[in-house]
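What follows is one structure encoded as structure tokens, with my remarks underneath.
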Amino acid sequence: MVDSEGLEIRVAGPSDMNEIMSFAFMSCEENGLTNASIEKIANEVWSALNLHFGICAVIGKPEGPIEGAVVLRVVKPWYSDEDILEEKAIFIHPDYRSTRGGRAKKLCEFSKKASQTMNMALISSVMDSKENEGKIRMYERQIGKPGGVIFLYKPSEKN
Amino acid sequence: MGWTPQHIKEAGFSSGDAEKMASFLWPILEQKTGVCGVIGEPGGELEGYVILSITEMWYSTEKFYQECGLFVSPNCRSSSARRAIELIRFAKKKSDEAGMRLLVGIISDNRTDAKIRLYEREFGKKCGAYFVYGAGD
């Protein structure tokens, strides 16, 4: 269904692989803590695009290029046999970040709906950075206060 | 394993599974997939532990340590948090020795405010946050 901004959100499929891969790489460049591996990303994305323990949604104008995407996978914490839905990446192409439409919000709403439908808790991580300030505010509005914090220790800084 | 269920109750957001915990922890205790540091009086009972798992991000093959849990027995918790500090320093030392980053995620609520302040003292400013939707509904 197309909204008032002319944007459509849909479940992505295998034919979206190339575009999603390029989004995933851009996302890793912006947010990645470690170097990206094309094989690992392809495995995760391909599974999600085939609805195998995951789902991927994309947003954009009908028949137009993909403007944003979210990749969700079903995972289990190390201590539990309970499934949770983990947001692996949510990414809006830089060309569409300052344009109207609330793309990230709509993708986040998709993730929440998936969490409700699948009856699984949804977990999303976001690293602190200038680029992610808007993303953090969006999560706070959509999900509420952070459920946890992340610390990173880099040995190279000490050696 | 004796303390792990209590630890999960305090810090987890989904229920613990003893079999899953055991199969995850055993290779770490064998130092195949990580390392577990423990603290206590020599010859005495264990008073706390930190579990470090060697893992990879979903998008990468680069390995790093993830702190899966740090727990001090309630009987041994003190205002100085000496045991927790020693366990955090153990984790940082392992990270230095292996040349691998150490990532820690802590659930934040009223009960964990002090723990977060302790990590801020030992690690510096947090580097990110996570959001949980639908847990406990």
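Some points to look at:
- Number of residues in the stretch B:99-113 that are open to solvent by less than 60 Å² (accessible area, probe 1.4 Å), free of Cβ contacts under 8 Å to residues at least 60 places away in the same chain and touching a helix residue (DSSP H, G or I) at 6+ places or on another chain (Cβ under 8 Å) equals 5.
- Search result, residues across the stretch B:67-82 that are outside any loop (DSSP other than H, G, I, E, B) and over 13 Å from the mean Cα position of the chain (by Cα): B:PRO74, B:ASN75, B:CYS76, B:ARG82
- Any chance A:ASN119 is within 20 Å of B:LYS126 (Cα to Cα) and within 11 Å of another protein chain (Cβ to nearest Cβ): no
- Against the list (1) more than 19 Å from A:MET17 (Cα to Cα); (2) more than 12 Å from every other protein chain (Cβ to nearest Cβ), the condition A:GLY60 fails is (1).
- Within the stretch B:82-113, the residues that satisfy the criterion of being within 11 Å of another protein chain (Cβ to nearest Cβ) and touching a Gly at 6+ places or on another chain (Cβ under 6 Å) are B:GLY105, B:ILE106, B:ILE107, B:SER108.
- Residue list for the stretch B:42-66, filter: in contact with a Ser or Thr (Cβ under 7 Å, 6 or more places away or on another chain), within 14 Å of another protein chain (Cβ to nearest Cβ) and in a loop (DSSP other than H, G, I, E, B): B:MET57, B:TYR59, B:SER60, B:THR61, B:GLU62
- When the stretch A:52-68 is filtered for residues that are of a type in the set (Asp, Glu) and open to solvent by 30 Å² or more (accessible area, probe 1.4 Å), only A:GLU63 remains.
Here's the yes/no breakdown for (1) within 21 Å of B:TYR130 (Cβ to Cβ); (2) open to solvent by 20 Å² or more (accessible area, probe 1.4 Å); (3) touching a residue at least 60 places away in the same chain (Cβ under 8 Å):
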residue	(1), (2), (3)
A:THR34	yes, no, no
A:ILE41	yes, no, no
A:ASN50	no, yes, no
A:VAL70	yes, no, no
A:LYS88	yes, yes, no
A:PHE91	yes, no, yes
A:ASP95	no, yes, no
A:ALA114	yes, no, no
A:THR117	no, yes, no
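- The set of residues from the stretch B:71-87 being open to solvent by less than 60 Å² (accessible area, probe 1.4 Å) and either among the small types (Gly, Ala, Ser) or closer than 30 Å to A:SER37 by Cα (or both) comprises B:SER73, B:SER78, B:ALA81, B:ALA84.
- Test: residue in the stretch B:55-66 that is of a type in the set (S, T, N, Q) and within 13 Å of the chain's Cα centre (by Cα): yes
- Subset of the stretch B:114-128 that is out of contact with any Lys or Arg (no Cβ under 9 Å at 6 or more places or on another chain) and open to solvent by less than 50 Å² (accessible area, probe 1.4 Å) - its residue that is farthest from the other protein chains (Cβ to nearest Cβ): B:LEU118
- Of all the numbered requirements in (1) surrounded by fewer than 13 Cβ atoms within 10 Å (Cβ to Cβ); (2) facing another protein chain (nearest Cβ under 7 Å), A:VAL126 misses one, and that requirement is (1).
- From A:LEU107, A:LEU152, residue being touching a residue at least 60 places away in the same chain (Cβ under 8 Å), within 8 Å of another protein chain (Cβ to nearest Cβ) and of a type outside the set (Phe, Trp, Tyr): A:LEU152
The values are calculated or read from the model by the stated rules, or taken from the named source; none is laboratory data. All values derive from a computational prediction rather than experimental measurement. Glycine gets a Cβ as well: all are built from the backbone with ideal geometry, and neighbour counts include every protein chain shown. Surface areas here come from the heavy atoms of the whole protein model, side chains and all, with no ligands, DNA or RNA. Shrake-Rupley method; radii C 1.70, N 1.55, O 1.52, S 1.80 Å.
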